[in-house]
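Let me begin by presenting the structure, written as structure tokens, before commenting on it.
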Protein chains: 2
Amino acid sequence: MNAPLPPPPWRRATRTPRRQLTTETIVDTALSVLSAEGPDAVTMRRIAHELDTGPGSLYAHVQDKRELHELMLDAAMRVVETPEPDPQNWRTQLKQLCLEQARVLTETPGIAQIAMETLIPTTPGILVAMDGMLGILRCSGIPDDRIAAAGDMLALHVTAYAYEASLWQSPSGQSDEAHRRLGQIGDYLQSLPADQLPNLKAMNHAMPHGTEPDHFEFALDVFIAGLAAHADVRP
Amino acid sequence: MNAPLPPPPWRRATRTPRRQLTTETIVDTALSVLSAEGPDAVTMRRIAHELDTGPGSLYAHVQDKRELHELMLDAAMRVVETPEPDPQNWRTQLKQLCLEQARVLTETPGIAQIAMETLIPTTPGILVAMDGMLGILRCSGIPDDRIAAAGDMLALHVTAYAYEASLWQSPSGQSDEAHRRLGQIGDYLQSLPADQLPNLKAMNHAMPHGTEPDHFEFALDVFIAGLAAHADVRP
DNA sequence: ACCTGAACACCGTTCAAGT
DNA sequence: ACCTGAACACCGTTCAAGT
């Protein structure tokens with residue numbers, strides 16, 4: 001018996017030497033499934049199937065589904081650039097950063113939901129984003145003991161807005177049902193006697209909490225104006 | 001054969017004539033499971049089991065799990081009383097109402113999560129709460145086109161805060177892990193060189209978004225102060 | 001060490017069959 | 001009409017066995 005021939009080199013091009021799962025490919029696959037088919041489609045089984053393997057294989061690279069979620073959030077948030085803080089312009093910078101963060105969180109539906117569920121951000125990308133926001137706040141003249149609270153609440157508001165906004169544009173067709181209900185509730189309000197829910201009726205506002213971009217920007221303006229007032233007291 | 005004897009009257013006390021499932025008992029059962037064992041325990045199967053029946057039986061009284069969630073939220077929110085709007089006191093009234101709503105949403109862990117997921121409130125209790133908040137805002141002198149935005153964003157913020165806060169006190173032991181991670185991240189920040197995440201390091205703040213009651217109250221004060229400034233412009 | 005895939009202990013929802 | 005419970009089509013996670 002001869003020694004077996006070495007495999008001809010062109011075979012190597014056909015399939016990579018070994019399938020080689022990595023955390024990165026898992027996260028990328030999860031993100032592409034998410035943006036293509038929405039949050040419900042992001043299951044361990046589905047991701048594994050996409051990578052031609054069984055669900056158990058993923059657990060060699062990722063602790064559990066929650067950790068995978070955090071890694072997805074991190075990858076998504078890495079695209080946000082934080083500006084060099086400029087004491088002359090902190091108000092504009094802060095607002096721009098919030099709008100940008102909200103934009104990224106809304107862009108891929110489902111990411112904001114993960115952000116909302118992730119109680120403590122421990123992942124580099126998110127820490128960088130937080131640090132950037134604090135950097136702007138710290139050159140605003142706001143007393144130090146307020147800065148943590150301000151950053152905290154601003155981040156919360158951005159995340160919450162992005163979450164609600166993304167519910168409206170999920171690719172799962174859930175948003176159609178939402179629009180239908182919005183109409184129904186308008187009719188319902190009109191049908192009520194004048195003394196029931198008079199304010200909702202008067203505004204004819206179905207009150208979807210916080211999904212209008214205008215409302216979000218208004219809230220940012222009001223909040224930042226309030227912060228500036230705090231800064232003026234103790235410059 | 002004689003006609004069968006009528007059942008002796010004391011038997012009736014032993015078991016109710018017929019099991020009779022109602023929407024109300026289902027919602028009540030769901031709420032008590034929720035407050036006893038947290039959101040994960042609230043499954044259709046579990047509720048059915050609690051009522052000595054199969055999961056399919058619930059679907060005669062409730063369309064699906066989402067609808068059950070909304071009914072639970074409604075029942076929980078019904079305890080919030082909205083004050084008679086007083087133009088002299090709208091700032092205090094507004095703050096009190098927000099604190100009260102947040103308190104109720106935080107009280108039963110899991111309710112805030114439902115509130116966050118419920119895109120459009122269509123249920124009487126929530127509509128009443130919204131109407132009350134709008135009532136206070138309408139006697140504040142804030143221009144009408146801002147009132148919807150203000151109410152919208154305030155409700156969003158209350159809900160989001162309650163959601164994050166309730167993550168910390170879930171009975172599923174998830175909160176212990178959260179506290180552990182909070183410590184770990186503090187250590188991690190200290191271990192970093194001075195030029196990495198300088199602001200987070202300086203504040204030594206792990207930045208759990210929006211869970212401190214102080215921070216929430218601060219945000220309400222800042223936001224309401226900002227609204228008042230708007231009201232002063234056009235009285 | 002990494003990967004497999006069968007198995008475990010669950011889900012929400014549907015539906016024919018019963019009373 | 002209301003209820004049943006078996007069945008369907010899924011989950012996340014674990015783990016012995018393979019390479």
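The values are calculated or read from the model by the stated rules, or taken from the named source; none is laboratory data. Note that the structure is predicted; figures quoted are calculated from it, not measured. Positions of Cβ are backbone-derived with ideal geometry, glycine not excepted, and every protein chain shown enters the neighbour counts. Side chains are part of the model used for accessible areas, which takes the heavy atoms of the whole protein and leaves out ligands, DNA and RNA. Shrake-Rupley method; radii C 1.70, N 1.55, O 1.52, S 1.80 Å.
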Item checked: Mean shadow area of the stretch B:80-230 over all directions, Cα convex hull, nm² -> 10.8
Next item on the list: Taking a cut-off of 30 Å between Cα atoms, list the lysines near B:K201, but don't count ones fewer than 8 places away on the same chain.
Entry: A:K65, A:K95
Margin query: Counting other C-beta atoms within 10 Å, and keeping those with at most 16, which DSSP coil GluC sites (Glu not before Pro) do you find in the stretch B:46-104?
Written below: B:E81
Notebook entry, point to check: Residue farthest toward the positive end of the dipole of the stretch A:80-230, with Cβ of Lys/Arg at +1 and Asp/Glu at -1: which of A:M116, A:C98, A:H230?
Noted result: A:H230
Next item on the list: Based solely on C-alpha atoms, express the radius of gyration and the Dmax of the stretch A:42-122 in angstrom.
Entry: 16.6, 55
Checklist line | Computed accessible area, A:V79, all protein chains, 1.4 angstrom probe, square angstrom | finding: 90
Next item on the list: Evaluate 2.2 N^0.38 Å with N set to the residue count of the stretch A:81-129, then give the Cα radius of gyration divided by it.
Entry: 1.29
Item checked: For B:118-124, mean number of other protein chain Cβ atoms within 10 Å -> 6
Margin query: 7 Å along Cα→Cβ for the label point: how many nanometres lie between A:T92 and each equivalent label in the other copies, listed shortest first?
Written below: 4.1
Item checked: Angstrom value of the Kirkwood radius, inverse mean 1/r, which spans all Cα pairs in the stretch B:93-165 -> 12.5
